[in-house]
Structure formats: structure tokens, C-alpha cells
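Beneath this line is the structure, given in C-alpha cells, with notes to follow.
The values are calculated or read from the model by the stated rules, or taken from the named source; none is laboratory data. Everything quoted here is computed from the prediction, not taken from an experiment. Counting neighbours? That spans all protein chains shown, and the Cβs are built from the backbone with ideal geometry, glycine included.
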Amino acid sequence: MNRFISIFLFILCMACILPVVGQVTKKNTYNTHYDVGIIPGGDAFMILTEKEKELDSLFRQIAQVSASMPGEDSVAQNSQLKRMDFKNNRSRVSMEIYRNGEIRASDSLLKQGFPTTCTCIMMNDTIFVKSFIGFFSGMGIDVNITDGEFQSGFFVYADDAMPYKSNISDTVFHRSLDPGAKYQYLVLDKQPQFQKGHQLTGLLTITTDEFYEQNNQGNIDRISLKGKIYFTCKVNIFSEQYR
């Protein structure tokens, strides 16, 4: 039981992202309107990898153990099972990390597509899509979707250091930083329905603005990232997300 809880907490920290012809011309553009249509590579994303199958199985085991604890009523049990539905609330993140203009040798899983959880929470007229990678340090991606428009964001964070700053001339370093997106493009498989239970699936292509990181040797590196984030998640209402 303790092992399940430890693994569950780790995964949560990682967790919690038109026609195809338009993608090439819009790739290096800051788009504010999302497209609706075929998602390039979408069929492959809907098939779970072996690692994603392991995570899905683990989440189901944790949910069943938690829901069967004494004192849990049927409503709470059902809610717990829904929140642990990894298959329908996940993302697959692929990133290229540029350090001083050169691609950094990164983890092969991050190149192939890193599996993590994804949440879609609706508040008023906006759906907030969020995914996280990391434990004591890492990165996160969010997409805010309204009627016909969207805005994406990217942030990095570190628990045991303050290595980041936005501009080379800044004198203060920060523990976390939101460098923003230089380019963004979003395609959804269907028009989003702003209601609870809607399955939202899409692909975000993003290039971040440059930011600066102090490395272990004390030198300051110029960083930027390019990535693709496949995501699918069931929309929940902000006030009901823990019900």
C-alpha cells in the first residue's frame, strides 16, 4: 500500500496539450486561433505505448485501493475512479532542448514522447489544459482554450535552486520561470464543447521564447525549447474537480 501511494504521488507531480494542409504554413507563427480537423499522428497517439499501459494499470490499482478504503461512500468511490482514469486523461510530450543554439542531448523518452497525466478544468468560458513533467524540478505546459481562440504557456521550475532568469541583463535569478511562447499552433479533433465530460483531444506545437539558466559550473546558458504535446482529457468543472 505504501509503495502504491509513493508511486502515485510521484506520478501526480509529473502530471497533473482544420485541415492538415494548414500546419506547414502556420508552424513558425504565433497563432491565436485553433484549428479543428485531422490531428497529424493522432491515430498513433490514441494507441497506448507499453509505458502508458503500465501507467494506466497502476492508476487503476491505486484508484481501486483508495476507493475501497473504509468510510468511502459510493459517490466518492466513483469520483476517485474517474480521477485515476489515465487512459482518458493523459498527454505525450516530445521536446527538443536548445542550449546556446545547439540541441541538447536529452532523454530518449522525451524525444520519443514522454507520457504523463493531463487535466482539463473549465472555469467560466475557458478550458484550462495542464500537463507536468518532473518531480523536484521539471517543466509544465498549459493551454487555455476559449471559443475559437487559445493561448499556450510553458514554464520550468526547480525546488533546490534558483537558476532561471528571463533576460541576460537581469541580476535576479528565479526558482521558476514562464518564458512564454514564441510560436504556437493548436489543432483539435473536434469543436470543443464547454461542458463536463467532453473528451478534449488535440496537438499543441510550441516554440518557447529564449530564457537563461545558470548551470552547475556557474556559467549562464541561453535556453529555448521546441515541442509537440499530444493530449486528451475529460473536461471537469473547477468547482467539481474534487467531487
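Worth a mention:
- Residues of the range 29-63 that are among the β-branched types (Val, Ile, Thr), under 17 Å from residue 229 (Cβ atoms) and touching a helix residue (DSSP H, G or I) at 6+ places or on another chain (Cβ under 8 Å): 39 alone.
- Only one entry in 137, 131 is crowded, with 18+ Cβ neighbours inside 10 Å and of a type in the set (Gly, Ala, Ser), namely 131.
- Contact map, the range 100-119: first residue of a type in the set (A, V, I, L, M) and surrounded by fewer than 13 Cβ atoms within 10 Å (Cβ to Cβ), second residue at pLDDT below 90 and part of a strand (DSSP E or B), Cβ cut-off under 8 Å, separation 6 or more or different chains; pairs are 103/96; 103/97.
- Considering each residue of the range 176-185 in turn, none proves to be of a type in the set (A, V, I, L, M) and over 18 Å from the mean Cα position of the chain (by Cα).
- As a summary of the residue check, residue 130 satisfies the conditions (1) basic (Lys, Arg); (2) more than 29 Å from residue 222 (Cα to Cα); (3) under 11 Å from the mean Cα position of the chain (by Cα) except for the one numbered (2).
- Of the residues screened, residue 212 is not one that is modelled with pLDDT of 95 or more and touching a helix residue (DSSP H, G or I) at 6+ places or on another chain (Cβ under 6 Å).
- Counting only strands (runs of 3 or more DSSP E) that sit completely within the range 194-243, those holding 3 or more residues that are closer than 30 Å to residue 122 by Cβ and touching a Ser or Thr at 6+ places or on another chain (Cβ under 7 Å) correspond to 199-208, 220-237.
- Test for residue 189: is it surrounded by fewer than 19 Cβ atoms within 10 Å (Cβ to Cβ) and in contact with a helix residue (DSSP H, G or I) (Cβ under 8 Å, 6 or more places away or on another chain): yes
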